[in-house]
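Asker: Here it is: the structure, laid out below.
Computed from the coordinates by the stated procedures, all read-outs in this text should not be read as laboratory data. Only a predicted model underlies this, so the values are computations on that prediction, with no experimental measurement involved. Backbone-built Cβ (ideal geometry, glycine too); neighbour counts: all protein chains shown.
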Amino acid sequence: MLIHNKGLAFKGLLLLSSFFVVLFLIFSPLFTDDQGKKVNGLTYSDNLFNSLAKGSAYFIPKVTKSVDSVQGKMIDLTVKQKDAAAATQAAQLVTLAGLTAEAKDNTVHISGDLGKMLSVVVAASDKLYANDAEGVSAMFGGMDGLKAMKAWWGVLNPMIKVLQKQKLIDEAEVVNTVDAKAIEPAYNFFGIIGEKVSERIPIVAGLLAFYILYTMWYGYAIFDIFNGIGLSMSKAKLKQEA
């Protein structure tokens with residue numbers, strides 16, 4: 001292949017070669033995480049941003065205020081579960097939360113103070129958010145902490161529509177808030193140590209700057225190689241009419 005500009009071609013190849021050298025280093029276990037374990041660059045950055053995401057997903061104080069608005073609100077309803085075993089488990093959890101519950105086939109009938117039940121769920125979510133699954137287990141008769149919170153999500157989620165059908169719109173909204181902003185973050189981020197972005201600004205800024213630089217690095221390498229071998233993009237000349 002005829003090279004039109006050896007300087008540009010060499011520069012492009014040098015950039016591309018160094019790009020892959022850095023890529024190799026990124027995939028090498030050269031970084032140390034918070035637990036002292038050696039990980040590669042992708043795992044390190046992924047763990048970091050997961051920690052920052054968890055740090056920004058702590059809504060327990062706001063959820064607690066929402067639950068305060070339904071303290072003393074009595075409910076009487078029946079919710080469906082995926083099967084009879086789930087209904088039995090749901091009834092056990094609701095009973096441990098201080099309400100009355102009875103399982104029948106794949107449904108559970110619940111009656112009692114909605115605010116009281118949700119306060120227990122939020123307290124358990126707070127423990128799980130802090131990675132204290134044993135603390136959650138102790139609240140619910142030794143049941144596995146993660147399984148207990150998943151079961152609570154299964155109780156509250158169908159309860160939303162039931163409350164809406166009973167015209168208890170505000171109560172349904174509070175239940176949805178507990179499900180989405182207490183149980184889900186606690187369950188999804190379990191095992192991750194939460195961090196605030198304000199505490200990791202230098203490294204976050206450095207990673208973002210590196211990402212931009214690294215992307216441009218590859219782009220300029222390809223651009224110079226193509227220009228060096230005579231392949232370039234230019235605006236087509238307009239044909240003039242005779």
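Asker: Kindly provide the helix-only [θ] at 222 nm of the chain, computed as the sum of -39,500 (n - 2.57) over DSSP H runs of four or more divided by all residues, to the nearest 500 deg cm²/dmol?
Answerer: After summing the helix terms and dividing by the residues of the chain, the value is -19500 deg cm²/dmol.
Asker: To continue, here is another question. Mind checking which of S18, N176, G98 is farthest towards the positive end of the chain's charge dipole, using Cβ charges of +1 (Lys, Arg) and -1 (Asp, Glu) about the Cα centre?
Answerer: So the residue we want is S18.
Asker: So, one more: Under 30 Å between C-alpha atoms is the cut-off here; go through the stretch 111-242 and count lysine pairs that meet it, provided they're at least eight residues apart or on different chains.
Answerer: Summing the qualifying lysine pairs gives 25.
Asker: While we're on this one: Could you please rank V70, V197, placing first whichever residue has the fewest other Cβ atoms within 10 Å of its Cβ?
Answerer: Fewest to most other Cβ atoms nearby, the residues stand as V197, V70.
Asker: A further question on this structure: HN-Hα J couplings of the stretch 89-97 from phi, Karplus 6.51/-1.76/1.60, θ = phi - 60°, integer Hz, Gly and Pro as x?
Answerer: Going residue by residue, I get 5, 4, 4, 4, 5, 5, 5, 5, 7 Hz, with x marking Gly and Pro.
Asker: Looking at the square roots a ≥ b ≥ c of the eigenvalues of the Cα gyration tensor of the chain, which shape do they give, rounded for a/c under 1.5, prolate if a/b is larger than b/c, or oblate?
Answerer: prolate
Asker: Can you list residues whose amide H is under 5 Å from I193's amide H, if they're 5+ apart or on another chain and H is modeled 1.01 Å from N?
Answerer: Counting only residues 5 or more places away or on other chains, the set is empty.
Asker: What FRET efficiency comes out for the pair D76/D132, r = Cβ-Cβ distance, R0 = 35 Å, nearest 0.05?
Answerer: 0.60
Asker: Then there's this: Please name whichever of M74, S45, S56 sits farthest to the positive end of the charge dipole of the stretch 1-153, dipole taken about the Cα centre and charges placed at Cβ: Lys and Arg +1, Asp and Glu -1.
Answerer: Of the options given, the answer is S45.
Asker: On full extension of the chain, what length is gained from Y218 through K196, given 0.36 nm per residue of separation minus the C-alpha to C-alpha distance?
Answerer: Extending this stretch completely gives an extra 4.7 nm.
Asker: A further question follows. Take the Cβ-Cβ distance between N5 and S28 as r, set R0 to 45 Å, and report the resulting FRET efficiency rounded to the nearest 0.05.
Answerer: About 0.85, to the nearest 0.05.
Asker: For the chain, with only Lys/Arg (+1) and Asp/Glu (-1) charged at the beta-carbon, what is the dipole magnitude about the Cα centre, in debye rounded to 20?
Answerer: In debye, rounded to 20, the chain gives about 900.
Asker: Based only on other Cβ atoms within 10 Å, what is the fewest-to-most ordering of M117, M74?
Answerer: Fewest-to-most Cβ neighbours within 10 Å comes out as M74, M117.
Asker: A further question follows. As an exercise, identify the trypsin sites (Lys or Arg not before Pro) in the stretch 1-55 lying in DSSP coil whose Cβ has no more than 16 other Cβ atoms within 10 Å.
Answerer: K37
Asker: Okay, next question. Label the stretch 60-188 by shape, choosing from rounded, prolate and oblate, from the square roots a ≥ b ≥ c of the eigenvalues of the Cα gyration tensor; if a/c is under 1.5 it is rounded, and otherwise prolate applies when a/b is larger than b/c, oblate when it is not.
Answerer: In terms of gyration-tensor shape, oblate.
Asker: Let me ask something else about it. For the stretch 143-209, run through the trypsin sites (Lys or Arg not before Pro) and keep only the ones in DSSP coil with at most 11 other Cβ atoms within 10 Å of their Cβ.
Answerer: Sparse-neighbourhood loop trypsin sites (Lys or Arg not before Pro): K167.
Asker: For a paramagnetic label modelled at 7 Å from the Cα of H109 toward its Cβ, which residues of the stretch 43-87 fall within the zone defined by backbone nitrogen distances under 19 Å?
Answerer: What the label zone holds, given the 19 Å backbone N cut-off, is 74-87.
Asker: Let me ask something else. Assuming R0 = 41 Å, can you tell me the calculated FRET efficiency for the pair K38 and K150, based on Cβ-Cβ distance, to the nearest 0.05?
Answerer: 0.80
Asker: May I pose another question? For the chain, what does the relative contact order come out to in percent, with C-alpha contacts under 8 Å and a separation of six or more?
Answerer: That works out to 29 percent.
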